[in-house]
Structures are given as C-alpha cells and as structure tokens.
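The values are calculated or read from the model by the stated rules, or taken from the named source; none is laboratory data. Source: prediction; values computed, not measured. All Cβ positions, even for glycine, are placed from backbone atoms using ideal geometry, and neighbour counts span all protein chains on display. Each accessible area value is taken on the protein alone, full model and side chains, heavy atoms only, with ligands, DNA and RNA left out. Shrake-Rupley method; radii C 1.70, N 1.55, O 1.52, S 1.80 Å.
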Amino acid sequence: MAVMDPSADLATDFKDALASWASGVTVVTTRAGGLLYGLTVSSFTSVSLDPPLILVCLATTNRMGEMIGQSRRFGVSILGREQEAASNYFASPGREPTEGFVEIEGQWTDYEVPIVQGALAHVVCDLHDSTEVGDHLVVVGRVIHAEAERDGEPLVYWRRRYRGLDAG
C-alpha cells in the first residue's frame, strides 16, 4: 500500500477552501531604480484608520517586495469589473520591470507612484513595515493619499474565476 503525503493533500484542500473566499482584485505598483512594476494581489485589507494603514501579502519569490523596500512607497489600485485584462496582465509570470506602462493604461500620481488608470479606487502608501511570514512578505503601508470613483462595480475573484456583483 502506497503512503500518501498528507501535506500534498492539505495544500490542495487549503487552496480549494480559500477559493471559496470571494475577494476584490487589486494591483500593487511601485517604481524603483527608474523602473515600474505591478502585481495582481487578492490579499489586501485595511488594518487601521488612525493611522490609516493597509496591508498586502506578496510571495517572497516575487521581486515586488524588494522593489517596495527600495522605493519605500507603493500604490494599490482597486480594479473595476471591466478590468480583467489589467488583472491578468499583472498576474502573468515572467514579466520584467519596465520604464513605463506597456500593455495596460496607467497613470502617475502626484506622489510619483504608478496606478492603473480607470481603477475604482486607489491608495498611495509609504512603507510602514514588512515581515516575512511563511512563503509571503506581509507589507504594511501607511496611506498618504486615497481616491475613489463613485460609479462602477468591483472586479471580484471567486472559485478561480472573475465575477461581478449581482445588485439584485
């Protein structure tokens, strides 16, 4: 009788369980050494209102954590329902940092932080703290600017597919 690795089953079960958690879709962006980089992130949440803090979780294997550490500033764009292409682009592996926006429309904030153009909302943050936890870097940002559109629906990710809200 073959002995199964229980950790392999747990990893699959864990991913399947978390796929049941519907989340908004964000793109984290920064500029370091004159280069722009962005990454699709679903692990995003508010932490504190006073002071205003948010957190994002980034795989330690991704260059984003190092670039935020260098720049000490980053943006988070909260994507709208029609922005699946932006989410897919920034989620694709193997991309290199670029001097500017390449395939997705973007804009620069007054704080010289790139954001996704047309996002439902965005925040600009100074790096407050970061800590490695498991295979991820938990990055806490102190919000220095926030802006939101009044119209539009969020892009939602649930059970490994993009969704919208059913306002009914």
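Summary table
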quantity: Candidate residues Thr131, Thr61: accessible-area rank, largest first, probe 1.4 Å; calculated: Thr61, Thr131
quantity: Gain in span if fully extended, Glu66 to Val138, counting 0.36 nm per residue against the direct Cα distance; calculated: 24.7 nm
quantity: Local electrostatic count at Leu58 - Lys and Arg +1, Asp and Glu -1, tallied over other residues with Cβ under 12 Å; calculated: -2
quantity: Probe 1.4 Å, protein heavy atoms only - accessible area per residue of the chain in square angstrom; calculated: 60 Å²
quantity: Value of relative contact order over the range 28-128, rounded to a whole percent, pairs C-alpha under 8 Å and six or more apart; calculated: 35 percent
quantity: Full-extension gain in nm, Gln117 to Asp151, via 0.36 nm per residue minus C-alpha separation; calculated: 10.8 nm
quantity: Accessible area, probe 1.4 Å, largest first, for residues Ile104, Ile144, Ile115; calculated: Ile144, Ile104, Ile115
quantity: The chain, accessible surface, carbon-and-sulfur percent (1.4 angstrom probe); calculated: 51 percent
